[in-house]
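Enquirer: There's a structure below that I have some questions on.
Derivation of every value follows stated rules applied to the coordinates shown; laboratory data play no part. A quick note: this is a predicted structure, and the numbers were derived from the prediction, not measured. Glycine also receives a Cβ, built like all others from the backbone with ideal geometry; neighbour counts cover every protein chain displayed.
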Amino acid sequence: MSVKTFTPAAFHHQSAQALSNPQLRHNFRGAMDGLMAKRLGSFDSWDIEALRDLGQGIRQKALRHLPDLLEQLEASCQRNGITVHWAESADDAGRVITELCKARGAQSVIKGKSMVSEEVELNARLAEAGIEALESDLGEYIVQMADETPSHIIMPAIHKNTADISTLMHQRTGTRETNDAEELTHAARAQLRDRFQTADVGISGVNFAVAETGTLCLVENEGNGRLTTTVPPVHIAITGIEKVVAEFKDVPPLYALLTRSAIGQNVTTYFNMISGPWRGQEVDGPEEVHLVLVDNGRSRMYQDEEYAETLQCIRCGACMNHCPVYTRVGGHTYGTTYPGPIGKILMPHLLGLNTTKNLPTASSLCGACGEVCPVRIPIPKLLVRLRNEAVGEGKGNIEGAGSARRPMEAMGWKLFSWLARHPRCWRIGVRVVQACRSAVPKRVAPWTDNRVRPTPAATSLKQQLAQRRRS
Amino acid sequence: MSTVKLYPPKPEKVYFFGTCLIDVFYPGAGLDAVSLLERENIEVLFPDGQTCCGQPAFTSGYRAQAIDVARHQLRLFDEPWPIIVPSGSCGGMMRRHYPELFDGQPEEQAAKSVAERIFELTEFLVHVCHVRLKDHGPDERVAMHTSCSARREMGLADTGPALLRQLSNVTLVEQARASECCGFGGTFSVKHGKVSQAMVEDKCAAIEAAQAEHLVTSDCGCLMNIDGHFKYRKAKVHGEHIASYLWRRSS
Ligand code: SF4
């Protein structure tokens, strides 16, 4: 079954499959262990907690003034010659970009890495209009070649090892089979190089959009981002409305946090600041630059003070690298564009809880994600809130609220709550459980699949304490 | 922002909140915790009406039901004594979530007062009692699993290990990925049984790889999970609540 058909509703089935795939588990475990160690090392000489406070403050400030900043961003961009488009939905985003391409008679598009473009399924929409989009980020290039989706927001092909990639490239492009990652990289680069020259349009994402100056910042390591945004005659940047920051001085701390949290790098090889189309005297640059700002459910999240915190995200991926669930089941298992902890708190807003209700429960609430998040998103708290909505006990404005409610379960919690407020009855309950201790069935699935059943003690702590105090 | 907790001097009396898991499954651990406190010349008050902190309902999304349970517990601790909880997850619930649950409610002050007086057992022994343990037990290699709530909600990664290090015949082993969750997570272990099972298998394998003979933890949920898997596999490692382990070796 292709990972493209995976759905969040089938998380249980998909996770069971992933867990029984030793290769997948080995690939993720190894990669995530490496990333965690590198992250820690890169923060070595920094006061990481102070930096996280700063990052959180910058993102919160931007979100507090989001409507104003977006207007300011639009004005600043226009001043720079960047045309701004607003897309309320994924459909809108697809339509705007397709039309921009058609207006230039574009046949082929070269793409830099953009998770928002994945979110709105841009490639498929362009294909419908007869426009071919080629991914130029190496990971994305591989994923596209395999007809898959990214399994990680920073490293899209992290689920594949060198041998997998070698076989794939051999089959699809005829490159020599090799275990040398360097050689494969060179081969891919050579294949891509021409395509930058011939592409009619370049499409990229944005890491930070600066309202003050109308600058679009793009963080990358491969140089494909720079080529995508400078070689083709048209550059279209696509991003979510939350990516705006107020001032230029907000960028360095976020950049420092992003590269370290993501892959333990002090700086990336490329940091692009795009401030408009070619102005005549410059060596290169596109004739047109467009910015497509995508809402797709974000402004609804923004209405809710707690859910709005999700929008602080700078998409570093650290939460997934540190998640004990993600590291075992990998990214495809989630069946959503954004996997891991950020996916669990974001996707219910984008898709509704009807289909995503199994995601917020797929967490032991261990808190590893919240501990590393560079902008201090309280991920566990938001997971609990979403569970609250999913079982129909919340009061938020989220689609599919109550879809996970099971009448028996709700009754059970009500009974539990009543007992816990009536200590006499609670004590009778404890006694009954302890009196029937030998009646606990030997097998209580799924617990006893690999653990012994928990056996109640003969008498409770309260009884034992009373007894000890009497004697 | 992280805050620094200031610790009070050793009190004359403390409240003991035994937790429902200890009450039903591990009463011995509760008794041993009380013994450890009493040995420090502290009178231990055990409020009769205590039941459960409400965390299971809270994390399952039943917030209103959890609030009702929590409200009941708030009434148990009228006098200003510290409240000792032999579990990081119940302690985390009471210290971190009670104030948030009653934010803007009539019980806000009461919730804050309880939260400020909550101490996890090992935290209290180390930072308030400044205990000095004498080890009477044999040489042993021990692994400690600090629960995620103790580690991350309460910021107590070091207090359990600090106590174990006082035991002169105990070697505290280093396990791979010590800070990783054991896979319990309450209803998570049922709702996502397969993932939870994979996690506990890895945790146990890491403890065995460190050649531990014994596993101690300060949370009965983790204990039930980790020791439950060891017992299922009939492994040699024996699991125990840290209170029992400390009491057994130092009394
Ligand atoms: S939620 Fe935090 S840790 Fe996860 S991707 Fe976003 S910024 Fe990074």
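Enquirer: Once amide H atoms are built 1.01 Å from N in the peptide plane, which residues 5 or more positions from residue A:204, or in another chain, come under 5 Å H to H?
Expert: Those qualifying (amide H under 5 Å, at least 5 residues apart or on another chain) are A:112, A:236, A:237, A:238.
Enquirer: Taking 1 over the mean of 1/r across every pair of different Cα atoms in chain B, what Kirkwood radius in Å do you get?
Expert: Values: mean 1/r = 0.0542 Å⁻¹.
Result for chain B stands at 18.4 Å.
Enquirer: Using the Cα centre of segment B:140-250 as origin and beta-carbon charges of +1 (Lys, Arg) and -1 (Asp, Glu), tell me which of B:186, B:170, B:145 is placed farthest towards the positive end of the dipole.
Expert: My answer, from the dipole projection, is B:186.
Enquirer: Against the empirical 2.2 N^0.38 Å scaling, what ratio does the C-alpha Rg of segment A:415-471 come to?
Expert: On the way: Rg = 14.1 Å, N = 57, 2.2 N^0.38 = 10.2 Å.
That ratio works out to 1.38.
Enquirer: Let me ask something additional. Taking the Cα atoms of segment A:372-412, what is the range of coordinates along each of the three principal axes, in descending order and whole Å?
Expert: 39, 22, 12
Enquirer: Another question, then. Find the Rg to Rh ratio for segment A:171-252, where Rh is the Kirkwood radius over alpha-carbon pairs and Rg uses the same atoms.
Expert: On the way: Rg = 16.5 Å, Rh = 14.9 Å.
For segment A:171-252, the value is 1.11.
Enquirer: Nearest 20 debye, what's the magnitude of the dipole of chain B about its Cα centre given +1 on Lys and Arg Cβ and -1 on Asp and Glu Cβ? Present the calculation step by step, with values, prior to reporting the outcome.
Expert: Working: 27 positive and 31 negative charges, 101 e Å.
Using only the charged Cβ atoms, the result is roughly 480 debye.
Enquirer: Can you give the Rg/Rh ratio of segment A:33-105, where Rg is from the C-alpha atoms and Rh is the Kirkwood radius?
Expert: Radius of gyration over Kirkwood radius for segment A:33-105 works out to 1.19.
Enquirer: Note down the nm distance, to one decimal, between modelled labels 7 Å out along Cα→Cβ at residue A:180 and at residue A:414.
Expert: About 7.0 nm separates the two model spin labels.
Enquirer: Another question, then. What number results when the radius of gyration of segment B:46-157, computed over Cα atoms, is divided by 2.2 N^0.38 Å?
Expert: On the way: Rg = 15.7 Å, N = 112, 2.2 N^0.38 = 13.2 Å.
That works out to 1.19 for segment B:46-157.
Enquirer: Still on this structure, please answer the following. What pairs in A:38/A:243; A:160/B:234; A:344/B:234; B:10/B:134 have C-alpha atoms more than 29 Å from each other?
Expert: Values: A:38/A:243 26 Å; A:160/B:234 36 Å; A:344/B:234 36 Å; B:10/B:134 20 Å.
Table pairs above 29 Å Cα-Cα are A:160/B:234; A:344/B:234.
Enquirer: Given the rule -39500 (n - 2.57) for each run of at least 4 DSSP H residues, summed and divided by the residues of chain A, what is its mean residue ellipticity at 222 nm, to the nearest 500 deg cm²/dmol?
Expert: On the way: 22 runs with 230 residues, N = 471.
Theoretical 222 nm ellipticity from helices: -14500 deg cm²/dmol.
Enquirer: With the dipole of segment A:413-470 worked out from charges on the C-beta (+1 for Lys and Arg, -1 for Asp and Glu) around the Cα centre, which of A:450, A:420, A:464 lies farthest toward the positive end?
Expert: Positive-most Cα among the choices belongs to A:464.
Enquirer: Kirkwood hydrodynamic radius of the protein assembly as shown from all distinct Cα pairs, in Å? Spell out each step's value before the answer.
Expert: On the way: mean 1/r = 0.0365 Å⁻¹.
With all distinct Cα pairs of the protein assembly as shown included, I get 27.4 Å.
Enquirer: Another question, if that's okay. Using the Kirkwood radius built from alpha carbon pairs, what does the Stokes-Einstein equation give as D for segment A:341-471 at 10 °C and 1.306 mPa s, in µm² per second?
Expert: Working: Rh = 18.1 Å.
It diffuses with D of about 88 µm²/s by this estimate.
Enquirer: Quick one: net charge of residue B:71's neighbours, Cβ under 13 Å, K/R +1, D/E -1?
Expert: 0
Enquirer: Using θ = phi - 60° and the Karplus form 6.51 cos²θ - 1.76 cosθ + 1.60, what ³J(HN,Hα) does each residue of segment B:151-162 get, whole Hz, x for Gly and Pro?
Expert: 5, 9, 7, 9, x, 10, 6, 10, 5, x, x, 4
Enquirer: Rounded to whole Å, give me the distance from the Cα center of segment B:110-155 to that of segment A:147-173.
Expert: 46
Enquirer: Gap in Å between the Cα centre of segment A:76-142 and the Cα centre of segment B:66-98?
Expert: Each part reduced to its Cα centre gives a spacing of 53 Å.
Enquirer: Here's another thing I want to ask about it. How large is Rg over Rh for segment B:140-250, taking Rg from the Cα atoms and Rh as the Kirkwood inverse mean of 1/r across Cα pairs?
Expert: On the way: Rg = 13.1 Å, Rh = 13.9 Å.
Ratio of gyration radius to Kirkwood radius for segment B:140-250: 0.94.
Enquirer: How large is the charge dipole for segment B:140-250, taken about the Cα centre, if only the Cβ atoms of Lys, Arg (+1) and Asp, Glu (-1) carry charge, to the nearest 20 debye?
Expert: On the way: 14 positive and 12 negative charges, 43 e Å.
Using only the charged Cβ atoms, the result is roughly 200 debye.
Enquirer: Let me ask you something else. In whole angstrom, how far apart do the alpha carbon centroids of segment A:423-471 and segment A:206-279 sit?
Expert: After rounding, the separation between the Cα centres reads 59 Å.
Enquirer: Please report the relative contact order for chain A, taking Cα pairs under 8 Å with a sequence separation of at least 6, and give it as a percent rounded to a whole number. Write down the numbers at each step before the final one.
Expert: Values: 793 pairs, mean separation 96.6, N = 471.
Reported relative contact order: 21 percent.
Enquirer: How high is the FRET efficiency between residue B:108 and residue B:176 when r is their beta carbon distance and R₀ equals 41 Å, given to the nearest 0.05? It would help to have the intermediate numbers written out before the result.
Expert: Details: r = 43 Å, r/R0 = 1.05.
It comes to 0.40.
Enquirer: In addition: Net charge around residue B:251, counting only other residues with Cβ within less than 10 Å of its Cβ (Lys, Arg = +1; Asp, Glu = -1)? Mind showing how you got there, number by number?
Expert: Numbers: positive: B:39, B:134, B:248, B:249; negative: B:32.
My count for the surroundings of residue B:251 gives +3.
Enquirer: Could you work out the equivalent-ellipsoid semi-axes for segment A:46-296, taking the square root of 5 times each eigenvalue of the Cα gyration tensor, largest first, in whole Å? Can you show the working numbers first?
Expert: On the way: eigenvalues 168, 108, 54 Å².
For segment A:46-296, the semi-axes come out at 29, 23, 16 Å.
Enquirer: Counting other C-beta atoms within 10 Å, and keeping those with at most 16, which DSSP coil GluC sites (Glu not before Pro) do you find in segment A:220-261? Don't jump to the answer; show the numbers that get you there.
Expert: Working: sites: A:220, A:222, A:242, A:247; in loops: A:222, A:247.
Here the GluC sites (Glu not before Pro) that fit, given the DSSP loop and packing criteria, are A:247.
Enquirer: If the only charges are +1 at each Lys and Arg Cβ and -1 at each Asp and Glu Cβ, what is the size of the charge dipole of segment A:168-217 around the Cα centre, to the nearest 20 debye?
Expert: Values: 5 positive and 7 negative charges, 31 e Å.
In total the dipole reaches around 160 debye.
Enquirer: Non-local amide H neighbours of residue A:158 (under 5 Å, H modeled in plane, Pro and chain starts lacking H): which ones?
Expert: A:151, A:152
Enquirer: For a quick check: with amide H placed at 1.01 Å from N, whose amide H comes under 5 Å from residue B:13's, ignoring anything fewer than 5 positions away on the same chain?
Expert: B:43
Enquirer: Next up: List, in the order given, every pair from A:414/B:5; A:102/A:357; A:111/B:191; A:4/A:111; B:5/B:236; B:112/B:194 whose Cα-Cα distance in the structure shown is over 31 Å. Display every interim value, and only then the final one.
Expert: On the way: A:414/B:5 35 Å; A:102/A:357 39 Å; A:111/B:191 40 Å; A:4/A:111 20 Å; B:5/B:236 39 Å; B:112/B:194 38 Å.
Correct reply: A:414/B:5; A:102/A:357; A:111/B:191; B:5/B:236; B:112/B:194.
Enquirer: Around residue A:222, under 11 Å between beta carbons, what's the net of Lys plus Arg minus Asp minus Glu among the other residues? Mind dumping the intermediate values first?
Expert: Numbers: positive: A:113, A:189, A:226; negative: A:137, A:140, A:220.
My count for the surroundings of residue A:222 gives 0.
Enquirer: I'd like the projected area of segment B:1-71, averaged over all directions, using the convex hull of its alpha carbons. Report it in nm² with one decimal.
Expert: 6.9
Enquirer: Also: Sticking with the crude label model, points 7 Å out along Cα→Cβ, report the distance from residue B:251 to residue A:403 in nm, one decimal please.
Expert: Between residue B:251 and residue A:403, the simple spin-label model gives 5.3 nm.
Enquirer: Find which of A:352, A:246, A:261 sits farthest along the positive direction of the dipole of chain A, computed with +1 on the beta-carbon of Lys and Arg, -1 on that of Asp and Glu, about the Cα centre.
Expert: Farthest towards the positive pole: A:352.
Enquirer: Could you state the angle between the C-alpha long axis of helix A:22-42 and the longest principal axis of the C-alpha atoms of chain A, as a value from 0 to 90 degrees rounded to the nearest 10?
Expert: 80
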